[in-house]
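Colleague: My questions all concern the structure below.
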Amino acid sequence: MGLVKGPPPAAEAVPLAARDIDALLIDLVAPDSGVRRHAARDLGAHPDAAMALCDRLQAETSSSVRAVLLTSLIRRQSPAVAARLTTFLRSDDTPLRNAAIEALQEMPDAVAPYLQALLVDPDSDIRIFAVNIVATLRHRRAPEWLTVVIRSDAHVNVCAAAVDGLSEVGGPDALADLHALRHRFADNDFMEFAIDTAIRRIGQD
Amino acid sequence: MSRVEPFARNPNDGSKRVLVVDDGTTMRLFYRSVLEAAGFVVEEAANGVEGYEKALAQPFDLMIIDINMPKMDGYSMLRAIRADAAVRATPAVTISTEAGDKDVIKAFEAGANFYMVKPVATRELTEIACLITGARPQ
């Protein structure tokens, strides 16, 4: 009896590195969301695919594919990827904007060089998004950046977002600035509440 | 900026129930503090997915929904609610930092009944919640 060959390996079993980047880039724009999702996952292993993943994130409408794109982009994080993602903060596409924020929150070193500019952007919404990124960023300078915001920003919602962030990541160093902020927005119910909450939480740590 | 229509009251008419959906912990605490002081029962959710699931699981007299949230934003949550026959009549107030006309229109198109711009004052929030739910301020 001759040797019997087993079945050929399934596509899933092909090592990721062996999957051709050109084929994956074609799959990344396939009509079938399942094909796009697999391509987005496997392209996370290719350093040269980062910008293509950013392009796809901008166009993608499937939430499940978008989630995989985010995972791959976080895996491929770099200052270039972070720079591209920060441009999405200006989009009117709310899910895209939120996806960019979620991804940037996971790449502290890559996004750090861009944060200073975002935190003083002329558009208060961009400053709020930047504060939201900083507030959950695992970066040693996050409390300092948020403190600068409450010391200098004139917009109530930007300061409110920074106070919320400080209640999570701030330390005793922020207390004097939090007390000072109370005088700047003395007639604002929410700010009063947020400052009290932040001071209480920092005091508990 | 309102599109408030009369809604049926909760059949178990006692305290009105409000679902607060916002990714900001302090913001949720603030809404809870204000609304509970006015006699409402408050349930919280930290994003649109959680909010949608809670809205399906139990009846609410009002939903207060932030727009910019992770996982599912406020527009998407509202669209999902309005597409579900069981819960589509639940009134919703969207609250956002964005005050532009296009943001307001987008919220109404998604199914909002009222649009408020942050920061929201205690009295304003209480009045709107009472107006929409028919509750008497305490």
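Every read-out reported here was derived from the displayed coordinates using simple, explicitly stated rules and does not represent laboratory data. Keep in mind the model is a prediction, meaning the values are calculated, not measured. For neighbour counting, all protein chains shown are included, and Cβ atoms are generated from backbone atoms with ideal geometry for every residue, glycine included.
Colleague: Find, among the chymotrypsin sites (Phe, Trp or Tyr not before Pro) in segment B:64-138, those assigned to loop by DSSP (not H, G, I, E, B) with at most 13 other beta-carbon atoms within 10 angstrom. Kindly include the intermediate steps, with their values, before the conclusion.
Modeller: Working: sites: B:Y75, B:F108, B:F114, B:Y115; in loops: none.
Passing sites in segment B:64-138 do not exist.
Colleague: Take A:D187, project a point 7 Å from its Cα along the Cβ direction, then tell me which residues of segment B:21-63 have their backbone nitrogen under 12 Å from it.
Modeller: Answer for segment B:21-63: none.
Colleague: Could you tell me whether chain B comes out rounded, prolate or oblate from its Cα gyration tensor? Rule is a ≥ b ≥ c as square roots of the eigenvalues, rounded for a/c under 1.5, then prolate if a/b exceeds b/c, otherwise oblate. Before the final figure, lay out the partial values.
Modeller: Details: a/c = 1.29, a/b = 1.15, b/c = 1.12.
It comes out rounded by the Cα gyration axes.
Colleague: Around A:N157, under 10 Å between beta carbons, what's the net of Lys plus Arg minus Asp minus Glu among the other residues? All intermediate terms of the calculation are to be shown ahead of the outcome.
Modeller: On the way: positive: A:R127, B:K118; negative: A:D125, A:D153, B:E98.
Spelling it out: positives minus negatives among the neighbours equals -1.
Colleague: Using modelled backbone amide H atoms (1.01 Å from N, in-plane), which distant-in-sequence or interchain residues come within less than 5 Å of B:A92's amide H?
Modeller: For B:A92, whose amide H was placed from the backbone, the distant partners under 5 Å are B:M63, B:N113, B:F114.
Colleague: Taking the protein assembly as shown, how many lysine pairs are there with alpha carbons less than 30 Å apart, if each pair must be eight or more places apart or span two chains?
Modeller: Lysine pair count for the protein assembly as shown: 13.
Colleague: To continue, here is another question. Would you please classify the overall shape of chain A from the alpha carbon gyration tensor, given that a ≥ b ≥ c denote the square roots of the eigenvalues, rounded means a/c under 1.5, and beyond that prolate means a/b larger than b/c while oblate covers the rest? Present the calculation step by step, with values, prior to reporting the outcome.
Modeller: On the way: a/c = 3.27, a/b = 2.64, b/c = 1.24.
Cα axes put chain A in the prolate bin.
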